[in-house]
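The values are calculated or read from the model by the stated rules, or taken from the named source; none is laboratory data. This structure is a prediction, so every number in the text was calculated from the model and none was measured. Reconstructed Cβ throughout: ideal geometry from the backbone, glycine too, with neighbour counts over all protein chains shown. Just the protein is used for accessible areas: all its heavy atoms, side chains included, with ligands, DNA and RNA removed. Shrake-Rupley method; radii C 1.70, N 1.55, O 1.52, S 1.80 Å.
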Amino acid sequence: MNEKIILCFGDSNTWGFVPGVFNPETWYMERYPISVRWPGIMRNILGDGYHIIEEGLNGRTTNVEYPDINGRSGTCYIIPCLYSHSPLDIVIVQLGINDLKNIFNRDILHVSTGISEIIDMIKGTSFGPSMQSPPKILLVSPPPLEHEEYVDENMEHIFKGAKEKSFQFHDYYSKIAESKGCHYLDLGSRVKYSLLDGIHLDADGHQVVGLEIATKIKEIFSKK
C-alpha cells in the first residue's frame, strides 16, 4: 500500500496550545507533546501507511491579517505550505475561531468566505498524489466557544460576542463542503473546549479529536 500523506492545516488547537497556562503579560505558553496533540493521536490510531504533517499556527485566521502581526492569514501560506510538503493525499483544514476576534469585526459569513477562499486555492493546485491534480480536502468545523473570558496582553476580552457566532460554524461549513466537493466533519457535536479558557482543547479533547478525524480518514480512503 502506498503511504497516505496527510497535512493538518490549522490554528492553536492543531499546534497543541495548553489551556489555562497562558500568561498575557509575559506571553508564556505551553504546548502539549506530540503524543498528546490530536495529529499525534491520529498518527497512532492510523498506524503504518500514513504520514502525518502538522501545520498548526497560534492565531491563524482564514484570510485576514492582524494589524501588528504578519503571516497569520491561512491564505498567505497555504500554497507554499502545500508545495513544500507535496505530494499530498489529503489536507485537513480546521480554521475559523480566530476570525471571530473583536479586532476583525467579522460575522460567520466573512469567516465562511475565508474558508471558501482557502479551499479554492487548494483545489487550484497540482500538489495531489500524482502532482497533476489537487489533494483531497477534509473541512473540519470547530467546536463553539465555551465562554468569552479569554483575554489578551491588555487584559481585554478579545472574543466578546463571539460565542453566539461560533454556534453557526456547522451550518455554514457543511454547506461549503457540499458545494465544493469536500469531505466534512463537524467537531462541534463531538467535543468541547476546556472551561479553563473556553477556546482550547484539553488533553481529553485532543484524544477525542484524534479519534474522530482518524475514523473519518479511514472512511475516506476505504472508498473506491
*lysines near K218 by alpha-carbon distance under 30 Å, same-chain residues fewer than 8 away left out - which ones?*
K4, K123, K136, K175, K180, K192
*Go through I220, I119, L95 and say which Cα lies farthest out towards the positive end of the charge dipole of the chain; charges sit on Cβ, +1 for Lys and Arg, -1 for Asp and Glu.*
I220
*Select one label from (1) 59, 36, 31; (2) 45, 43, 40; (3) 51, 32, 30: the one whose number is Cα extents along the principal axes in Å as derived from the coordinates shown.*
(3)
*For K165, which aspartates and glutamates qualify as cross-link partners when the Cα separation must be under 17 Å and same-chain residues fewer than eight apart are set aside?*
D99, D107, E146, E148, E149, D186
*Shape call for the range 1-84 from the C-alpha gyration tensor, a ≥ b ≥ c root eigenvalues: rounded (a/c under 1.5), prolate (a/b greater than b/c) or oblate?*
oblate
*For the range 142-189 versus the range 1-18, the gap between their alpha-carbon centres in whole angstrom*: 19
*So for the range 88-224, taking the charge dipole from beta-carbon charges (+1 Lys/Arg, -1 Asp/Glu), which of L139, L201, C182 sits furthest toward the positive end?*
C182
_Student exercise, the chain dipole from Lys, Arg, Asp, Glu Cβ charges, in Debye to nearest 20_ = 940
*Given a 1.4 Å probe and the protein chains all in place, what does the accessible area of Y28 round to, in Å² to the nearest 10?*
110
*Separation between the T215 and T75 pseudo-spin-labels, each 7 Å from Cα along Cα→Cβ, expressed in nm?*
3.5
*Quote to one decimal, in nm, the extra length available between S133 and E3 on full extension: 0.36 nm per residue of separation minus the C-alpha distance between them.*
45.0 nm
_Surface share of carbon and sulfur [accessible, 1.4 angstrom probe, percent] for the chain_ = 50
